[in-house]
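Worksheet for the structure shown next.
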Amino acid sequence: MLLRRGGGVFPVLQAFTFQNKARAFIEDRKQIFPFMIKSFIQLLVPAGLLLLVMFALAACNGQSEMSPPVISNEVKPKTTKPADFDPYFSPTASVSSEFGPKSITRNIIQDRNGDVWLATWEGIIRYDGTSFTNFTNKDRLRRYHVFSAMEDRDGKLWFGTIGAGGYRYDGTAFTNITTEDGLAHDKQLCLYQDRSGKIWIGTVGGISIYNGSSYRTISTKDGLPDNAANSILEDRSGKFWIASSGALCVYDGLTFSIVRVNDEKNRTTSDQNGEAFYNTRSVIEDKKGNVWFGGNGGLWRYRTDGELTQFATEFIGYIYEDTQGNIWTSSAAPGKPDEWRLSRYDANGLDGDPVKPAVILQRRDMFFGITEDKDGGIWLGSLNGVGRYDGEEFDWFREGE
């Protein structure tokens with residue numbers, strides 16, 4: 001509940017005219033105390049003149065001659081607080097609608113209750129199967145576009161914004177978490193919970209790790225190749241894969257090792273001449289323990305035996321494994337710089353040669369997050385909202401579609 005401060009209505013006290021009453025008092029008594037009035041006036045006038053002279057000297061700072069008053073036309077600027085909103089935010093007036101967002105939908109999750117949550121440029125939006133509720137409008141949250149979303153093992157929802165820090169939702173209220181609470185930066189790119197329960201928050205200023213009571217940050221000062229962390233994964237061995245705008249790396253809790261590929265053997269190498277993976281956008285672990293990552297260098301799989309396989313060369317934005325073991329990607333379309341595609345790699349054909357995905361959708365657009373709901377539908381974020389694929393067609397939750 002938000003409380004608004006308002007100004008109260010203060011009564012205006014009307015001053016009584018003391019001078020008039022004093023005059024009446026004197027007139028009534030002129031006949032009795034004429035000599036007292038005369039003496040009082042004779043005493044008051046010199047004293048008043050003396051006070052005026054003293055004030056004048058003080059105004060002149062002790063100078064014998066008074067300087068003429070200085071008149072300035074300069075207007076002093078007013079001090080104002082910076083506006084607390086994102087200039088790229090896409091404001092909407094509605095709280096509830098049967099239609100989905102019309103702007104960028106960056107990430108999508110489904111919570112344990114079956115509700116689908118969207119991280120969008122219009123704010124935090126929930127779809128309950130019937131209508132879309134904009135909680136940024138409903139709860140008057142700070143108007144910044146939302147980039148990431150996650151549900152932790154306790155059922156709390158986490159959202160990362162670009163500029164307003166993060167929000168944690170307990171099912172009743174949202175709590176805003178910022179640098180004042182210990183975050184490395186208020187621009188957040190990804191969220192991840194490790195097996196111990198710690199929350200990893202990737203920001204543009206490093207990774208903040210929340211242990212339930214406080215935050216600690218790892219950054220380039222500690223050896224992280226780049227502070228902008230796009231995706232984080234803890235593999236089965238307990239090592240953390242960190243996809244960043246810099247090089248992809250593995251963190252064992254002490255040191256950061258850049259992942260490099262040996263072109264001759266197609267395996268990772270510690271050789272500094274090996275090629276690193278830059279601007280990696282997404283990293284996941286599949287059901288078999290293989291690690292998938294993608295970005296500028298295309299789509300790659302790192303098998304548990306150490307073998308590296310490249311599946312695609314185009315830019316990869318997001319990687320997702322569904323309940324059947326199929327790998328879904330959102331990527332740039334080869335040879336079509338203004339088009340993107342949603343692709344699916346069949347679980348039973350991942351070891352074939354060559355492996356060709358099924359292109360589910362390709363058009364002039366840009367695609368982002370992917371998730372599967374409990375009914376098997378695939379949700380996809382785009383530049384112009386969100387769509388759900390039921391295996392045959394898409395529903396984009398728009399009026400007239």
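Which cross-chain or sequence-distant (5 or more) residues have an amide H under 5 Å from the amide H of L224, H modelled 1.01 Å from N in plane?
Under 5 Å from the amide H of L224 lie the amide H atoms of S219, each far enough along the sequence or on another chain.
To make sure I understand the rule: partners must be aspartates and glutamates, Cα under 19 Å from the Cα of K221, and not fewer than 8 residues away in the same chain. Which ones qualify?
By straight Cα distance, K221 reaches D186, D252.
What is the distance in Å between the Cα centroid of segment 95-154 and that of segment 268-301?
After rounding, the separation between the Cα centres reads 30 Å.
Give the long-range amide H neighbours of I360: residues separated by 5 or more places, or on another chain, with amide H under 5 Å away, using H modelled in the peptide plane at 1.01 Å from N.
Amide H neighbours of I360: L342, S343, R344.
For K287, which aspartates and glutamates qualify as cross-link partners when the Cα separation must be under 18 Å and same-chain residues fewer than eight apart are set aside?
Counting by Cα, and skipping residues close in sequence, K287 has these aspartates and glutamates nearby: D194, E234, D235, D305, E307, E321, D322, D346, D351, E372, D373.
All of the numbers you see were taken from the coordinates with simple rules; none came from a lab. Small disclaimer: the values here were computed from a predicted structure and weren't measured.
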